[in-house]
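Novice: Structure incoming, see below.
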Amino acid sequence: MATGGEKVEPLVANATPTRWFFVDMLTRDISLQDCILDLIDNCLDGARRSMEGGTAKTLPADAYEDYSCSVTLSRTRFEIKDNCGGIPIDIAEKYAFRFGRDPRAPKDKYGVGIYGIGMKRAIFKIGNTAAVHSVTDVDAFKVAVDVTSWAEEKGLNWNFPIERERKGGEPGTKIEITDLNDVVAKELEAADFEIKLIRIISRDYSVFLQKGFGIHVNRTLVKPDVFELRSGKGFEPARIRYRDEGVDVEIFAGMGSVPADDETPEARPSRDMALSGWYVICNDRTVIAADKSETTLWGYAGVAEWHPQYNGFLGVVTFRSSDPDKLPWTTTKRDIDVTSELYKRALRKMRELTKTWTAYTNRRKGDIPAAKAIEKSTIAIPLAKIPERQTFSVPKAKKLTRTLANISYQQPSAKVDKVREALGSAQLSNREVGESALSNTSISGMSHERDVRQFVSSNQLFSSAQQSYRPKNDFRLLEAARFHSGTEQLSLCWHGIAMVR
Amino acid sequence: MAHRTLAIKTLISIEADDVGYARATFNAPLKCITVEHGYTTDVLPTLNLDRHKSIVWLDHDTGAEDSAFRDISLLVENCKGGSVVLVTVNAEAKRVQKLIDASAPDKVTPDQIREYLATKMGDVVPTTLVEEDVDDDGYPKLIRRILETALKSALRLSGRRLEFLKLYDFTYRDGPAMATVGGLLADAKTVAKVTADGSIANWPGIIAETIRTPPLTMREKMAFDQLLPSSAKLVESTFEARAGFPLTQEQISAYVDYYSLYPTFAELQL
C-alpha cells in the first residue's frame, strides 16, 4: 500500500509482442503448401492492380493472360517470381512489410491477400535468409531479411531496411529464400511435394488459370481443373445467385460425376471420389475443397455424415466482394470462419441441395443398373454455362418391377484384384467383380459336362492367360473344364470360381 | 550366393502361392533359409526388420501400383538404418494398357494411364504424362521415377531421421520389362561417409539403358568369354568368325557389358 505523498508507478503486465512469436508461432498454424499459395495470392493481387479495369467486379475471360508467376523449389532454395507490377516503394515503406494490415493501407478491390501476414509468414516458415526484389514502372528496391538476427534484435524498431536497386526488366516481384529450414528443405526437394502442389494449384486457382494467369512450378505450366455438373435425363444442377450485405453469393450443386459402385469404406479410391463434396471459393480463390465435413454441414443439421454412397456430389459456393474483409475466410485461407453470419446463411441453402443428393442416392439403390444408365447419359456442363435454377433436380425414382436381393460378402483384396485382372479390366468396381460371380456367362448353373464343354469351346476369352468360371463347386465339372480347355492349370478358387493360373 | 558371397546368415523368402511356398520350402538349399507363407504386406511386419540391418529385395511380378507400392511404406518405416531395400516390378506398358482396356489396349491414352496410376498411388505419379512416358521404352523409366519418388516420399512421411541413397535404378528385359529401384536407408552421417570419396560415381547399379542380355547356350557363352575382356570393341565379324554364325551388334554389346554378371546354370544328373 502506498503511504504519504509517495508517487507510485502503477503495476502493468508486459504485453509487448516478441519477435519470436511471429517466427515460431504463427508459422505453426499454416502448412508449407499454404504458405506458397499465400505468395501466389500476392502475385494475383499485383496482377489485378496492374491490369486496366482490374477493380471491376467482373473481368474479361482472358483478363490475366499477360500475367504469370513461377515457383522454383529445391533443397537449397525457394523462389517465386512474377511479372505482376511489383510493390510501389511507398507501399513497401508504409505497409507491405508490416505485421498485420494497417487500416489506412489501400485495400485491393476483390483481392485475395488480405491479412498483411502472408509474405512474412511464408519467409519465416521456409528459411532463414530472404531477399525480396521489386521492380515497378518507376523504381526498384530490395529488402533483405536475416530472420534469426532480426528475431534476436531487442528494441521496438521492427523495420527491415530497404535498399534501392537499379530499375531494369519487367515490373514484378521476386522473393528468394535460402538457408532453408531442415524439414522444409526435404519437402521442397521431394518430387511428390511438387506434384501435390501442382495438383492443388490446378484445383484452387482454377478460375484464375482459366482466365489466363500462368503459374509454373519448376517449369511445369499448371493446367486448371474445370468443374462441371451433369445435366439431362431429369438431372438439372442448381445455380442460386443472391447478394448478401455487399457480397455476391453464388451456389452451384449437382451431380459432378456418375456415382461409384462401391459404397464401402474399402472401396477402391477414384478421382471422382476425391473430388466429391463442397467447395468454398472466396474472390475466385478456393478456400476449402471437396469438403465432406461439418464445415459444409455433413453430419450436421439434418444432413447425414459423409459416406462413399454420396460420391458424385459436387457443390460449389462462391463469395465475391470488392471488400475482401467481408468474406468468410481465415488467415490461412484454407478454412472457413464458421461463425460468419454470411456463411451461415449460405449453409442453409447448401444444406437443402446436399439433402436432395443424399435422398437420391438412397432411392437409386432400388435399381442401380437403371439409375446408372440414366446417369451415364447425362452431359457435363462447365459451371459458367449452367443456367440459374433455385433447386437441384434429380430423376424421380421408378417403381421396381423385379424383386432384388442384396448379396454382400468379403474377400481379400488381393484375390479380388486377381479376379478383376482375369475379367480383363482394372476399372471394374468390387461390385462388378462380385456380380461377375453370378453373371450369365459363367458356368454357374451348369450341371452337365456337355454344357461345360460347349461353354469352354465357345468362349474365346478362355484362351487368354486368366479367366474365371464358376462351376458350382463341383469338382467333376472342374475336371471337365480342365479337360476341354486343354489345361491342367485350372484350379478352384474362392466361392467356386475356377481360375487358370 | 547371398550366404556364400556375403556371409548372410539369415535368409528369408516370402511366397504367397501355396505351390510356390511348398516348392520353395522343398528346394531351400541351406538350413539358414526360412520360407514364409503369405503376402509380403502381411509377412513384412512380422519379420522384426528394425532389429538387424537387412537387404530386402521385393521382387514382384506384378505392377508397381499394387502390393509393391503398399509394401514400400512398410519397408522404409521398419527397416533398421543401414539396410538396403530394393523393389522390382513389372513395368511392361502393354500390361497396364490391357488392364485399363482389355478390348482396345492400343487406344489407351497417357492421360488414362496417369489417371489409373494416380488413383492407386496418388501424388508420386507425375501430373502430366506424354506418349514417350508410356511407350515400351518410356514406361519402365516412368515406373522407376515413380518408385524412387515413392521410396523417398514414404521415408519423409515416416518422420525417421534417415536418408535414401539411391544405389539401384535399372530396367532389365529378357521377357517383360522389369524395373528395379533401391538403395541404402541410412542417417545423414553414414550417407556422407559412403559418398565422401566420390567413388559412388562409378557404382554400377544405376543404369540408364535397358539391360537386354541375349539368351545364350553354354557353348555360345564360352565362345564369347574366350574373346573377353577386350580393349577393342567386339564386333559382329569377330564373333561370327569364332562361332560360325552371326549375332546382332546390339546383342553382342549387351553381352560384353554384363558378361561378368551373366548367370550360369548347369544341369547335373546326380
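The values are calculated or read from the model by the stated rules, or taken from the named source; none is laboratory data. Since this is a predicted model, take the numbers as computed values, not measurements. No Cβ is skipped: glycine too gets one built from the backbone with ideal geometry, and neighbour counts run over all protein chains shown. The protein model used for the area step is the full one, side chains on, heavy atoms only, and it has no ligands, DNA or RNA in it. Shrake-Rupley method; radii C 1.70, N 1.55, O 1.52, S 1.80 Å.
Novice: Taking a temperature of 10 °C and a viscosity of 1.306 mPa s, what whole-number D in µm²/s does Stokes-Einstein yield for chain B with Rh from Kirkwood over alpha carbon pairs?
Specialist: On the way: Rh = 20.9 Å.
This corresponds to a translational diffusion coefficient of 76 µm²/s.
Novice: Compare the Cα positions of A:Ile80, A:Trp20, A:Pro382 along the charge dipole of the protein assembly as shown (+1 at Cβ of Lys, Arg; -1 at Cβ of Asp, Glu; about the Cα centre) and return the one farthest towards the positive end.
Specialist: A:Pro382
Novice: Okay, helix-only estimate at 222 nm for chain B: each DSSP H run of n ≥ 4 adds -39500 (n - 2.57), divide by all residues, round to 500 deg cm²/dmol; what do you get?
Specialist: -11500 deg cm²/dmol, from helical runs alone.
Novice: Another one. Can you give me the accessible area per residue for chain B, using a 1.4 Å probe, in Å²?
Specialist: With the other protein chains kept in place, chain B gives 57 Å² per residue.
Novice: Please get the size of the charge dipole for the protein assembly as shown, origin at its Cα centre, with Cβ charges of +1 on Lys and Arg and -1 on Asp and Glu, quoted in debye to the nearest 20.
Specialist: In total the dipole reaches around 1720 debye.
Novice: Please give the direction-averaged projected area of the C-alpha convex hull for the range A:125-215, in square nanometres with one decimal.
Specialist: Details: hull surface 33.9 nm².
In nm², the orientation-averaged hull projection of the range A:125-215 is 8.5.
Novice: While we're on this one: Once you list every other residue whose beta carbon is under 12 Å from the beta carbon of B:Val108, what net charge do they have if Lys and Arg are +1 and Asp and Glu are -1?
Specialist: Local net charge: -1.
Novice: Explain nothing, just the number: dipole magnitude of the range A:90-220 about its Cα centre with +1 on each Lys and Arg Cβ and -1 on each Asp and Glu Cβ, in debye rounded to the nearest 20.
Specialist: Numbers: 21 positive and 20 negative charges, 118 e Å.
Using only the charged Cβ atoms, the result is roughly 560 debye.
Novice: Also, quick follow-up: How big is the shadow of the Cα convex hull of the range A:267-418, averaged over all directions, in nm²?
Specialist: 12.3
Novice: What are the residues whose amide H is under 5 Å from the amide H of B:Ile8, where those residues sit 5 or more places off or on another chain and H is modelled from the backbone?
Specialist: Sorted by chain and number, the residues that satisfy this are B:His3.
Novice: My understanding is that a pair violates if its Cα-Cα distance is over 21 Å; which of A:Lys57/A:Lys167; B:Lys94/B:Lys141; B:Lys9/B:Lys189; A:Lys125/B:Lys80 do that in this structure?
Specialist: Over 21 Å apart, Cα to Cα: A:Lys57/A:Lys167; B:Lys9/B:Lys189; A:Lys125/B:Lys80.
Novice: If the only charges are +1 at each Lys and Arg Cβ and -1 at each Asp and Glu Cβ, what is the size of the charge dipole of the range B:194-270 around the Cα centre, to the nearest 20 debye?
Specialist: 120
Novice: Arrange the peptides B:37-44, A:16-23, B:87-94 so that the one whose residues have, on average, the most other Cβ atoms within 10 Å appears first.
Specialist: B:87-94, B:37-44, A:16-23
Novice: If you wrap the protein assembly as shown's Cα atoms in a convex hull and average its projection over all directions, what's the area in nm²?
Specialist: 49.4
Novice: So, one more: Hey, could you grab the Kirkwood Rh for the range A:1-126? Inverse mean 1/r over distinct alpha carbon pairs, Å, one decimal.
Specialist: Final number for the Kirkwood radius of the range A:1-126 is 17.4 Å.
Novice: Peptide B:121-127: average number of partner chain Cβ atoms within 10 Å per residue?
Specialist: 6
Novice: Another question, if that's okay. Along the charge dipole of the range B:37-119, Cβ charges K/R +1 and D/E -1, which of B:Ile113, B:Ala68, B:Ala102 sits furthest on the positive end?
Specialist: Looking along the dipole axis, the top candidate is B:Ala68.
Novice: For the range B:35-76, what class follows from the C-alpha gyration tensor (a ≥ b ≥ c being the square roots of its eigenvalues): rounded when a/c is under 1.5, otherwise prolate if a/b is larger than b/c, else oblate? Write down the numbers at each step before the final one.
Specialist: Working: a/c = 1.88, a/b = 1.51, b/c = 1.24.
Prolate, because a/c is 1.5 or more and a/b exceeds b/c.
Novice: Sum up the charges of everything whose Cβ sits under 12 Å from the Cβ of A:Tyr205, counting Lys and Arg as +1 and Asp and Glu as -1, but leave A:Tyr205 out.
Specialist: The answer is +2.
Novice: Which peptide among A:147-154, B:127-134, A:163-170, B:181-188 comes first, and what is the full order, when sorted by highest mean count of other Cβ atoms within 10 Å?
Specialist: Averaged packing, sorted descending, gives the order B:181-188, B:127-134, A:147-154, A:163-170.
Novice: Select from B:Gly138, A:Gln210, A:Trp306 the residue farthest towards the positive end of the dipole of the protein assembly as shown; place +1 on Cβ of Lys and Arg, -1 on Cβ of Asp and Glu, and compute about the Cα centre.
Specialist: Of B:Gly138, A:Gln210, A:Trp306, it is A:Trp306.
Novice: Could you look at the protein assembly as shown and say what percent of its accessible area is carbon and sulfur, using a 1.4 Å probe and all protein chains? Display every interim value, and only then the final one.
Specialist: Numbers: 21100 of 40790 Å².
Whole-percent figure for carbon plus sulfur exposure: 52.
Novice: Give me the tail of P(r) for the range B:42-156 as a percent: Cα-Cα pairs with distance above 24 Å. Kindly include the intermediate steps, with their values, before the conclusion.
Specialist: Numbers: 1868 of 6555 pairs.
Summing the P(r) tail past 24 Å for the range B:42-156 gives 28 percent.
Novice: Hydropathy first: keep DSSP H helices in chain B averaging at least 0.0 on Kyte-Doolittle, then drop any whose Cα extent along the axis falls short of 27 Å, and list what survives.
Specialist: B:138-158
Novice: In peptide A:156-165, how many Cβ atoms from other protein chains are near each Cβ within 10 Å, on average?
Specialist: 0
Novice: Chains A and B: how much accessible area gets covered up at their contact, both sides added, probe 1.4 Å, in Å² to the nearest hundred?
Specialist: Chain pair A/B: roughly 1900 Å² of buried accessible area.
Novice: Mind listing, in residue-number order, the residues in the range A:173-200 that have at least 30 Å² less accessible area with every protein chain present than in their own chain alone (1.4 Å probe)?
Specialist: A:Lys186, A:Glu187, A:Asp192, A:Ile195, A:Arg199
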